Structures are given as C-alpha cells and as structure tokens.
Amino acid sequence: MSTVLIVTEIQNGSLREACYEVASLAQQIAAATGGSVKSLVMGQGVAALADEFSKKGGGDVFLAEGDALANHNAEAESKAIVAAVEASGADLVLIPSTPSGWDTAPRAAAALDAGFVSECFDITAEGGSITYKRRVFNGKLEATISASCDKVVASVQTGATTPFEGSSEGSVRKLDVSIGDLGTKFVEVKQAESKGVDLSKADVIVSGGRGVGTPEKFLEVIQPLADALGGAMGASRPVVDAGWLPHEYQVGSSGQVVQPKLYIACGISGAIQHLVGMKTSNYIIAINKDPDAPIFEVANLGVVADLLEIVPALTEALTAAKG
Ligand SMILES: Cc1cc2nc3c(=O)[nH]c(=O)nc-3n(C[C@H](O)[C@H](O)[C@H](O)COP(=O)(O)OP(=O)(O)OC[C@H]3O[C@@H](n4cnc5c(N)ncnc54)[C@H](O)[C@@H]3O)c2cc1C
C-alpha cells in the first residue's frame, strides 16, 4: 500500500501541466497498491490552486504558504516537502522533472534520507512492488530500477505520460512549515530576451542537432532550408547548451513543445527529451547518418545520409523549383 505525495509546481499563476502528468502516475500506483494520493501545493496566495488540484487528481492536498515559498527556493521547498511527508506518511514522493524540480528533488531526497530515482518516464506497481523506468546512454538503453529503501523520491520526465483527466475528491489542509534561516534567497526572475522565434506557431520547422557540427553550419545549412520552406529553425538541447543558438530555438522537454505540419530533424539522434517536444508533428522527416538512430522510430520518412550533403542539395532543388 503506497501513499504517493505529488509535489506540484506553479508557473505564471497556474499549476504546470506536468503536475497533471504526475497525477496520472500517482493515481495508477495508488490504485494498484490500494494506497492513496496526496499532494503538496506551495506558494503564497495559492489556496485556489490547491482546491483545484484536489478535484483534478491531487487527492488530499497539503497547502504550504509563506513568503519563503512565494518563489522557487529549493531549500525552503524541501523543508515543506519533509513536513508534507511527515503529515501524510508518504512513502513515495513524485516531483515533475522541470528546472525547479531538478533543483528541489535531490535536496528533498537527501533531507528525507530517501532513495532517489531521477528522470523516470514510467513508474509501475505490480505485485506490491514499484519499478521505475528511466532512459540511459542518450536513450539507447532503458533501465528498470527497484528501490530497497522505505522512502523514495522520484522525478518524472515532462511529456512522458498523459495528463490525468479524471476527477478526485480531496480535502485541502493547511500545512505549518517552519522554514527558518535559509542559506540561499530568491532574487529575481530574468526573462530571456526574445529574438522573435516562436516555434509554437511555425508550420514548418527544420531542426538541427549536434550532428550539424558547428554554429556556422546552422547558418549555412539549416537556416537556408528553413527559409526555402518558409519555416523556422529549431535545435536540440546540446546545440543550445553549447551556446550555438539561444534557448528559444530548443525543442524538447526543457525547451518548446511544437506541432508543425512538417518537422525535419537533421543530425538529431532522437532522445526521449527531444521526442516529447516534436513527436506529435504532422509529418516528420529525419536525416541521420546512423541507420539505427532512434529518431527513425518516429519519422514518417527516414533518410540515412550525411546532412551536410543532402540538406544543401535539398535547399538548392527547392529554390530552383520555386524559380
Ligand atoms: C533533464 C533533461 C532534459 C533534456 N531536455 C532536452 C530538450 O528539451 N531537448 C533536447 O533536444 N534534448 C534534451 N535533453 C538532452 C537529450 O537527452 C539528448 O542528449 C539530446 O537530445 C541529444 O541531442 P542530439 O540528438 O542533437 O545529439 P546526439 O545525441 O549527439 O546526436 C547527434 C546525431 O547526429 C548524427 N550525425 C552526426 N553527424 C551527422 C551528419 N553529418 N549527418 C547526419 N547525421 C549526423 C549522429 O548519428 C547522431 O544520431 C535533455 C536531457 C535531460 C537529462
């Protein structure tokens, strides 16, 4: 019997979609083990969100409010999580794997002296035991993990599960949390300067990955194909992490989720974190020189080729055809 505690996250005044995805898993685990779902909503002036979540999959919600919780602070949040675990008797804590979740989840696990499984794309309960699935080695292998400790904190990949759509009957209970002195403090949120790239509205996206090779090749090879198709350029995360393109170009779980009519993935391996951002595109073309690249599993058309040869040839043919 598992008591599953969902740690929610508020962004721009609403609960993140990821909370409802985590609720799906939590409800399945609770049903399979005869257990229950509890949730923690943290912030300031967020009682209405706690009420909303109790009715939409969150079960009994603990509401922790205070100045220290008004903005993301992993130290303060992990104290609230410890208090919610003590109040609920939870043995499994699920946290959305968002940038804030990456910060808070391991800290909460350490504070609870619990086991920690990060980046799960699935969690199942069978025969009384819970197994956690995560991808390793760039999505080439799936690891199935079982925990031997009494308490587990697991972070759940965003976009990996369908959001909970049923209803739940839960109460909202105020949780007193003694935050005390903190070694870190929230200063400000800085909005990245937008260069006007809105991938969510583009009908055609030509994305490049690490396989493109250099930042210059994005301008010489990827952007011209996007221009020839009247579309926008996108990128995988390593491209952004390397500073080749700003974050607004990033497609994936920690970037933008896109659904264009045509998505062309060039030199992108197809890790799950990229796929969750583009797999619902209407038509997917993948260009990769590795015939075993996972991107081909979601592609409508797969081209095994060197992108540095085929993409310029395609751009030239399109430009010639347009006259
Ligand atoms: C918490 C977390 C969040 C993440 N969020 C995201 C996210 O939002 N978006 C994202 O994309 N990733 C994300 N990632 C990273 C993700 O796991 C992968 O590491 C990443 O998607 C790999 O990017 P890639 O395909 O460009 O690079 P690689 O995996 O290195 O693949 C490069 C590909 O290029 C091919 N290639 C090389 N040269 C050529 C050539 N000349 N012609 C054709 N093909 C060529 C290779 O065969 C290879 O398949 C995240 C990871 C974590 C842990």
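Surface analysis of the range 71-143 yields an accessible area of 43 Å² per residue, using protein heavy atoms and a 1.4 Å probe. Hydrodynamic analysis of the range 216-314 uses the Kirkwood radius over alpha carbon pairs. Inserted into Stokes-Einstein at 10 °C and 1.306 mPa s, it gives a translational diffusion coefficient of 119 µm²/s.
Which percent, nearest 5, of DSSP beta bridges in the chain are antiparallel? Could the numbers behind the result be given before it?
On the way: 14 of 61 bridges.
So the antiparallel bridges in the chain amount to around 25 percent.
Got a number for carbon plus sulfur as a percent of the range 199-322's accessible area, 1.4 Å probe?
Working: 3030 of 5680 Å².
In the range 199-322, the share of accessible area belonging to carbon and sulfur is 53 percent.
Within the set K261/K322; K55/K174; K133/K261; K56/K133; K79/K133, which residue pairs have Cα atoms separated by over 23 Å? K133/K261; K56/K133; K79/K133, as the Cα separations exceed 23 Å there. Against the chain, whose longest principal axis comes from its Cα atoms, helix 17-33 is set at around 60 degrees. In the chain, helical runs assigned H by DSSP with n ≥ 4 each contribute -39500 (n - 2.57); averaged across all residues and rounded to the nearest 500, the mean residue ellipticity at 222 nm is -8000 deg cm²/dmol.
Find the relative contact order for the range 3-174 and round it to a whole percent, using C-alpha pairs within less than 8 Å whose residues are 6+ positions apart. All intermediate terms of the calculation are to be shown ahead of the outcome.
Details: 393 pairs, mean separation 52.2, N = 172.
Normalised by residue count, the contact order of the range 3-174 is 30 percent.
Highest mean first, the peptides 250-257, 268-275 sorted by other C-beta atoms within 10 Å per residue fall in the order 268-275, 250-257. Comparing C149, C19, C266 in a Gaussian network model of the chain, where Cα atoms under 10 Å apart are tied by springs, the biggest mean-square fluctuation is seen for C149. Placing unit charges on the Cβ atoms of the charged side chains and taking the dipole of the range 1-98 about its Cα centre, the candidate lying farthest along the positive direction among I10, Y20, S78 is Y20.
Residues in the range 199-322 average 46 Å² of solvent-accessible surface per residue, probe 1.4 Å, ligands and nucleic acids excluded. Axis of helix 99-112 versus longest Cα principal axis of the chain: the two differ by about 30°, to the nearest ten degrees.
Highest mean first, the peptides 294-306, 2-14, 174-186 sorted by other C-beta atoms within 10 Å per residue fall in the order 2-14, 294-306, 174-186.
Can you tell me the order of 56-67, 208-219, 158-169 when each peptide is scored by its average per-residue count of other Cβ atoms within 10 angstrom, highest first? Working shown, then result.
Working: 56-67: 21.8, 208-219: 18.5, 158-169: 16.0.
In decreasing order of mean packing, 56-67, 208-219, 158-169 become 56-67, 208-219, 158-169.
Given +1 at the Cβ of Lys and Arg, -1 at the Cβ of Asp and Glu and no other charges, the dipole of the range 130-223 around its Cα centre is 280 debye to the nearest 20.
Give me the dipole magnitude in Debye, nearest 20, for the range 3-174 about the Cα centre, with unit charges on the beta carbon: positive for Lys and Arg, negative for Asp and Glu. All intermediate terms of the calculation are to be shown ahead of the outcome.
Numbers: 13 positive and 21 negative charges, 42 e Å.
Its charge dipole is roughly 200 debye.
Ordering I123, A147, V239 by the projection of their Cα atoms onto the charge dipole of the chain, which places +1 on the Cβ of Lys and Arg and -1 on the Cβ of Asp and Glu, puts V239 at the extreme positive end.
The values are calculated or read from the model by the stated rules, or taken from the named source; none is laboratory data. Because the structure is a prediction, the values reported are computed rather than measured. In this analysis, Cβ positions are derived from the backbone assuming ideal geometry, glycine residues included, and neighbour counts consider all displayed protein chains. Ligands, DNA and RNA are excluded from the accessible area calculation, which covers all protein heavy atoms including side chains. Shrake-Rupley method; radii C 1.70, N 1.55, O 1.52, S 1.80 Å.
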